[in-house]
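Here's the structure, in C-alpha cells; my notes come after.
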Amino acid sequence: MTVGEGLAVLVAHPGPLEDSASFERAAGGAEANVATVLAQLGVETAWLSRVGADGFGRYLIDNLAARGVDVSAVTTDPARATALYIKERGGGSAHPTDLAAGQSRMLYYRTGSAASALAPADLAAPAAARLLDGCDLVHFSGITTALSPATTALTEAIVTMPRRGRLVGFDLNYRPRLWSGRADAAADILARHVRAADIAFLGADEAGELFGVDDPDRLRALFPEPRTLIVKDDARAVIGYEGTHRISVPALRIEVTERIGAGDGFAGGYLAAMLHDLPPAQRLRYGHLCAAAALTGTGDAPVLPPAATLAALARLDDHAWARLDFTAATRDVAS
C-alpha cells in the first residue's frame, strides 16, 4: 500500500505558459507514481488517499485503477478540491518568460487540497484497515508528511503502529516550500521518519540541505536504524546499506527527456524487486532501470519496458552494466 496525495497534471505546450492555448491531462503524485510502478512489476498494490468530489478526483481514481492499482481505500472529500499542478515546458525561444528547450517547471495548486486533510482516522476506515491487515509493505514520502499537521499525524501513526510483519518504506522527498510555517520542525520530523522506517530512501543533495550531511557513509552513521538505507547520489551511483553491508551500483547512461518522477521510479523498482526477493544488487538495478524509464519518458509515472527486458538487464554482469546504454537497449527492444 502506498499512502499520499495524487495530483491532476496539466501539461502545457512547449513555450511561454501564457501562450499555451490547451493542455494535456496527466496524473502525478509521488506515492501514486510508486503504486503504478509496483503494479507494472507484478506487485498487488493499493493506494490510500483523498480526492475532491470533482472531475480531477474521478480522473485520478480511474487512472490508477486502469493501471492495476486497488483504489478502494481512496476517499472522496466533498469539501475540498483535488490537488493540481501545471507543467510548463521550455520551447527554447528568445521570449523572456520561455524556458530552455527540454527544461520544465512545475506550478503547484495544492494548498487546502483533499489529500491535505488525510489523518490517522483514514487508516482505520474499513477498506484501509482491511488492506493494512493484509499487506507486506506500506510506503509514503516526506511530501505527504509536509502537507499539513494532519498528514504529519498520519505518517507518525504509520511508523509507530504495530508492524505485525509489515514493512514501512519512506522516501525523504524533502520539499522546503511545503514546510512553509513549519520549517524549523522539518528536520526533526523527517529524521524521526527515517529512523522509524524499515527501508529509507535519501537523496544525497536533499539530505545535505536538510541534515547538513551528504556523504553516504556519514548518512549511514547518522541513520543506523533502518534495516535498509538507500542513498541516491544524483547521476553517479546509488549506495545501498543492508545492515552493515554496503553496495554501490553506478547510474545508467541515458538521454534525459525530463527529470520528473525519477525518484518515484527508483523507489518503485527497488521495492518491487525486494518484494520479489531478488538479491540486493538487483534491487538497486531495478531502481535504476525504473528511474531511467521516468527520465526518458514525458509523464510523471514511468511506463516500463517489458518485464523480461528489465529482468535481463538487471542480471547483467558488472562490466556489461557499466557499459549499458538504457536508451539504446530499450529502443532496440521496442523496434
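The values are calculated or read from the model by the stated rules, or taken from the named source; none is laboratory data. All values derive from a computational prediction rather than experimental measurement. Here the Cβ is made from the backbone with ideal geometry for all residues, glycine too, and neighbour counts use every protein chain on show.
Condition check for Gly134 on (1) small (Gly, Ala, Ser); (2) under 25 Å from Ala53 (Cα atoms); (3) without any contact (Cβ under 8 Å) to a residue 12 or more places away in the chain: one failure, at (2).
Out of the residues in the stretch 19-33 that are part of a helix (DSSP H, G or I) and under 19 Å from the mean Cα position of the chain (by Cα), state the one that is surrounded by the most Cβ atoms within 10 Å (Cβ to Cβ). The extreme case among them is Asn33.
Could you go through the stretch 95-117 and let me know if any residue there is in contact with a Leu (Cβ under 7 Å, 6 or more places away or on another chain), within 24 Å of Gly268 (Cα to Cα), modelled with pLDDT of 95 or more and not aromatic (Phe, Trp, Tyr). Checking the stretch 95-117: at least one residue is in contact with a Leu (Cβ under 7 Å, 6 or more places away or on another chain), within 24 Å of Gly268 (Cα to Cα), modelled with pLDDT of 95 or more and not aromatic (Phe, Trp, Tyr). Among residues of the stretch 238-249 that are touching a residue at least 24 places away in the same chain (Cβ under 8 Å), those with a beta-carbon under 8 Å from a residue that is acidic (Asp, Glu) at least six positions away or on a different chain give the pairs Arg246/Asp217. Would you call Val37 of a type outside the set (D, E, K, R) and in a helix (DSSP H, G or I)? So Val37 passes the test.
For the stretch 37-59, the set of residues classified as touching a helix residue (DSSP H, G or I) at 6+ places or on another chain (Cβ under 7 Å), closer than 22 Å to Ser116 by Cβ and not basic (Lys, Arg) consists of Ala46, Trp47, Leu48, Ser49, Val51, listed by residue number. In summary, helices (runs of 4 or more DSSP H) completely within the stretch 51-146 and bearing 2 or more residues that are not aliphatic (A, V, I, L, M) occur at 55-66, 126-134, 142-146.
Is it true that Thr75 is touching a Phe, Trp or Tyr at 6+ places or on another chain (Cβ under 9 Å) and among the polar types (S, T, N, Q)? Outline the logic, then answer.
On the way: touching a Phe, Trp or Tyr at 6+ places or on another chain (Cβ under 9 Å): no; among the polar types (S, T, N, Q): yes.
For Thr75, the condition - touching a Phe, Trp or Tyr at 6+ places or on another chain (Cβ under 9 Å) and among the polar types (S, T, N, Q) - is not met.
For the condition modelled with pLDDT of 85 or more and in a loop (DSSP other than H, G, I, E, B), what is the one hit in Leu304, Leu313? Unique residue meeting the criteria: Leu304.
Out of Val51, Val74, Val11, Val3, which single residue is at pLDDT below 95 and either within 20 Å of the chain's Cα centre (by Cα) or under 30 Å from Ala273 (Cβ atoms) (or both)? Before you say what the answer is, go through the steps one by one.
Values: Val51 fails: at pLDDT below 95; Val74 fails: at pLDDT below 95; Val3 fails: at pLDDT below 95.
The unique qualifying residue is Val11.
Taken over the stretch 162-213, residues that are more than 20 Å from the chain's Cα centre (by Cα) and not β-branched (Val, Ile, Thr) amount to 13. Pairs linking a residue in the stretch 20-45 that is on the phi > 0 side of the Ramachandran plot to a residue that is buried (at least 21 other Cβ atoms within 10 Å of the Cβ) and of a type in the set (Asp, Glu), with Cβ atoms under 8 Å and 6 or more positions apart or on different chains, are Gly29/Glu5; Gly29/Asp300.
Scanning the stretch 62-75 for residues that are out of contact with any helix residue (DSSP H, G or I) (no Cβ under 6 Å at 6 or more places or on another chain) and either under 8 Å from Gly52 (Cα atoms) or among the charged types (D, E, K, R) (or both) yields a count of 2.
Looking only at the stretch 185-221, residues that are over 15 Å from Ile158 (Cβ atoms), among the small types (Gly, Ala, Ser), in contact (Cβ under 8 Å) with a residue 12 or more places away in the chain and not in a strand (DSSP E or B) come to 5 in all. For the stretch 157-167, state whether one or more residues are of a type in the set (A, V, I, L, M), over 17 Å from Arg50 (Cα atoms) and assigned to a loop (DSSP other than H, G, I, E, B). The answer is yes, given that some residue of the stretch 157-167 is of a type in the set (A, V, I, L, M), over 17 Å from Arg50 (Cα atoms) and assigned to a loop (DSSP other than H, G, I, E, B).
Checking the structure you have, find out if any residue of the stretch 263-276 is closer than 24 Å to Val138 by Cβ, surrounded by fewer than 21 Cβ atoms within 10 Å (Cβ to Cβ) and at pLDDT 90 or above. Checked the stretch 263-276: at least one residue is closer than 24 Å to Val138 by Cβ, surrounded by fewer than 21 Cβ atoms within 10 Å (Cβ to Cβ) and at pLDDT 90 or above. Applying the condition of being farther than 15 Å from Trp47 by Cβ and aliphatic (A, V, I, L, M) to the stretch 134-149 and asking which residue is surrounded by the most Cβ atoms within 10 Å (Cβ to Cβ) yields Leu147.
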